[in-house]
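K.L.:
Take this structure first; my questions come after.
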Amino acid sequence: MDWETLREQCLACEKCDLCKTRHNVVFGVGDPNAEVMLVGEGPGENEDLQGEPFVGRAGKLLDEMLELIGLSRKKNVYIANIVKCRPPQNRDPMPGEQEKCIGYLFEQIRLIQPKMIICLGRIAAGVLIREDFRITREHGQWYEKDGVQYMALYHPAALLRDPRKRPETFEDLVRIRETIKQVCTHTYDETTI
Ligand code: URA
């Protein structure tokens, strides 16, 4: 499937009840040729209203984290979510909703063919890395699957709630930057400290 067909199908999706309460489908944003892909769990209120992932407070923090290591949604990463429509009251997406939606993300991954996929939070890591993934213990570790490097970070919303997690996340970001230098061909930004 090509990008336009995928986007059209996703934007018209009525496979689960989240379509009844959404304002916008939040398909994804960034460089379709990115070597680095980031995956969150699902849109919140601001994302639902604007149709773009990570545009609220957590999104602002995410952009700052990315900037530290030379990454930007405007330049060299692609950002998407496990589910494309907002779960009411920002509850976790239910397993049935995730199952119906995940095909869109798998198609995005197939089209982008990223070198690394960074899972933002427990839900994304549970889907993409391992069902019983423990974010507290396993964030910052690399997992290789089918030639793609996977790592999970604490979700930016968790870092807003608990700033004590930030130093560990900074170390994780440094590890991502080191691996970008090793495995990516056009993402590494020499100008970033
Ligand atoms: N949290 C997510 O997981 N995804 C978004 O797009 C916004 C907030």
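K.L.:
Tell me, what is the FRET efficiency for Lys181 and Glu45 to the nearest 0.05, using R0 = 35 angstrom and their Cβ-Cβ distance as r?
P.N.:
Once rounded, the FRET efficiency stands at 0.45.
K.L.:
Here is a follow-up. Cross-link candidates for Lys115: which aspartates and glutamates have Cα within less than 15 Å, leaving aside residues fewer than 8 places away along the same chain?
P.N.:
Asp31, Glu35, Glu144, Asp146, Glu178
K.L.:
Roughly how far apart, in whole Å, are the Cα centres of the stretch 120-146 and the stretch 15-67?
P.N.:
19
K.L.:
Something else: Could you give the nm distance between label points at Arg57 and Arg166, where each point is 7 Å from its Cα heading toward the beta carbon?
P.N.:
A separation of 1.3 nm, rounded to one decimal place.
K.L.:
Could you size up the charge dipole of the chain around its Cα centre, putting +1 on the beta carbon of Lys and Arg and -1 on that of Asp and Glu, and report it in debye to the nearest 20?
P.N.:
The dipole magnitude comes to about 380 debye.
K.L.:
Relative contact order for the stretch 106-177 using alpha-carbon pairs under 8 Å, separation at least 6, rounded to a whole percent?
P.N.:
Averaging sequence separation for qualifying contacts and normalising by length gives 31 percent for the stretch 106-177.
K.L.:
When the gyration tensor of the stretch 1-144 is built from Cα positions, what are the square roots of 5 times its three eigenvalues, in whole Å, from largest to smallest? Please list the in-between numbers first.
P.N.:
On the way: eigenvalues 90, 62, 51 Å².
In descending order the semi-axes read 21, 18, 16 Å.
K.L.:
Let me ask another. What is the dipole size for the stretch 124-193, taken about its Cα centre, with +1 at each Lys and Arg Cβ and -1 at each Asp and Glu Cβ, in debye to the nearest 20?
P.N.:
Numbers: 11 positive and 12 negative charges, 55 e Å.
Dipole magnitude for the stretch 124-193 comes out near 260 debye.
K.L.:
List the lysines whose Cα lies under 21 Å from the Cα of Lys60, skipping any in the same chain that are fewer than 8 positions away.
P.N.:
In chain and number order, the partners are Lys74, Lys75, Lys84, Lys165.
K.L.:
When only Cα pairs under 8 Å and 6 or more residues apart are kept, what is the percent relative contact order across the stretch 9-167?
P.N.:
26
K.L.:
Name the most mobile residue of Gly103, Gly121, Gly147, meaning the one with the largest mean-square fluctuation, in a Gaussian network model of the chain with Cα contacts below 10 Å.
P.N.:
Comparing Gly103, Gly121, Gly147 in the GNM, the peak value goes to Gly147.
K.L.:
Using a Gaussian network model of the chain whose springs link C-alpha atoms within less than 10 Å, name the residue from Leu160, Leu120, Leu18 with the highest mean-square fluctuation.
P.N.:
Highest fluctuation of the listed residues: Leu160.
Coordinate-derived values only; no laboratory data. All values reported here derive from a predicted model rather than from experimental measurement. Glycine gets a Cβ as well: all are built from the backbone with ideal geometry, and neighbour counts include every protein chain shown.
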